[in-house]
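Below: the structure, in structure tokens.
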């Protein structure tokens, strides 16, 4: 059993007054320590796939299970704890500087202030973002914002990191730095599911998939992938 | 001159003039499994061909008794021909891709079969993206030419595979639409 299991998931959304199928019988398995990237064009359903996988949205049919638990029932308890969802937008009510964004999540989850400060510093270090701590949110560029959002998610010690377009709008050199960061997160044993709008963002993934018209294509399960991961992920035996 | 080995060896001489044995070793380090020399003597034979064609020449003073290993450097014509051959490779790649696309579109009479092939093609391309290294993921000294070489190769591979995936994605959508249109026509004609 995979850590994350999407089984025959379908989802319909209303666009311009008409129903559109954005996920059509999609299945996906993701193991601990795997980095899976999904490419799709705008409107392909890639963000919906992530929101369903993270338990933010529920599917119309099919099931999403995390470590055997149905997200329809347990999603609220898991999201923001075992499941980290990264996005580049920040809530200004949580503070004006970068460090506030990370520490608030910890305090809300009941982490004592002294410990929260330590974990915030560690999370920022983990993403090479120590220098971001006192920066105002409005001053951060795309790459810095995504590093901060990863730090925010990692501070809560997730087992699954779901991240929407981490390299969108990021310049070339910074793009590779972020892909390497996500690769290293997976190598530590955290499952990473990300979407990319630019096909060059698929590099370094253990598996790459495409999505379009609700169809998820590619090696949707690890055992279907003929290519061995670039590096054996933590806690996994390389398949033969 | 059609041999990829000869052209590759000429590239190495252009990169740094040297003698045959060192070139053979550098060839193996550079091209690994992409191109293979049958033996070290293959490099000697290839250098002989390049010299006959005036693409390389012996460096003066490297063949004497005190320095028995003749060193080779590229001639001006060698540089010019290498440049021309490299550009020709772009056209060759484009030609091969076009042949594949034409062969595939021969299957449009049977969209379901073409879809299946495209699915497999797209999957092969997707799997290939996973073998593309991210810049900075290998420990190579930044002032070493290999660092730039690795980054250029990786980026070219990313862009090339990306273009194929995008094309396969587009072709699948078109074939799906074609299949649906034909099915609708068949339904209309049936009593």
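The values are calculated or read from the model by the stated rules, or taken from the named source; none is laboratory data. What you see is a predicted model, and the numbers here were worked out from it, not measured in a lab. Because the Cβ atoms are built from the backbone with ideal geometry, glycine has one as well, and the counts that use them run over all protein chains shown.
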Test residue A:213 against the stated conditions and say whether it is in contact with a helix residue (DSSP H, G or I) (Cβ under 8 Å, 6 or more places away or on another chain), within 14 Å of another protein chain (Cβ to nearest Cβ), surrounded by fewer than 23 Cβ atoms within 10 Å (Cβ to Cβ) and farther than 23 Å from residue A:81 by Cβ. yes
Kindly indicate whether residue A:204 is modelled with pLDDT of 90 or more and within 16 Å of the chain's Cα centre (by Cα). no
So, in region B:40-56, how many residues would count as being on the phi < 0 side of the Ramachandran plot and not in a helix (DSSP H, G or I)? 3
Which one is farthest from residue B:169 (Cα to Cα) among residues in region B:108-155 that are at pLDDT below 70 and within 12 Å of chain A (Cβ to nearest Cβ)? B:138
State whether the residues of region A:153-168 include one that is crowded, with 18+ Cβ neighbours inside 10 Å and farther than 30 Å from residue A:65 by Cα. no
Per the filter on region A:216-235, residues within 8 Å of chain B (Cβ to nearest Cβ) and modelled with pLDDT of 75 or more are A:217, A:218, A:219
Among B:102, B:55, B:79, which is the only one that is in contact with a helix residue (DSSP H, G or I) (Cβ under 8 Å, 6 or more places away or on another chain), at pLDDT 80 or above, exposed (fewer than 15 other Cβ atoms within 10 Å of the Cβ) and away from chain A (no Cβ under 14 Å)? B:79
Can you name every residue in region A:80-92 that is closer than 17 Å to residue A:194 by Cβ and either touching a helix residue (DSSP H, G or I) at 6+ places or on another chain (Cβ under 7 Å) or modelled with pLDDT of 90 or more (or both)? A:83, A:84, A:85, A:86, A:87, A:88
Region A:25-44, residues that are within 20 Å of residue A:63 (Cβ to Cβ) and in a strand (DSSP E or B): A:25, A:26, A:27, A:28, A:29, A:30, A:36, A:38
Every residue in region A:49-83 that is closer than 19 Å to residue A:105 by Cα and in a loop (DSSP other than H, G, I, E, B), please. A:55, A:56, A:80, A:81, A:82
Kindly indicate which of A:22, A:102 is outside any strand (DSSP E or B) and in contact with a helix residue (DSSP H, G or I) (Cβ under 6 Å, 6 or more places away or on another chain). A:102
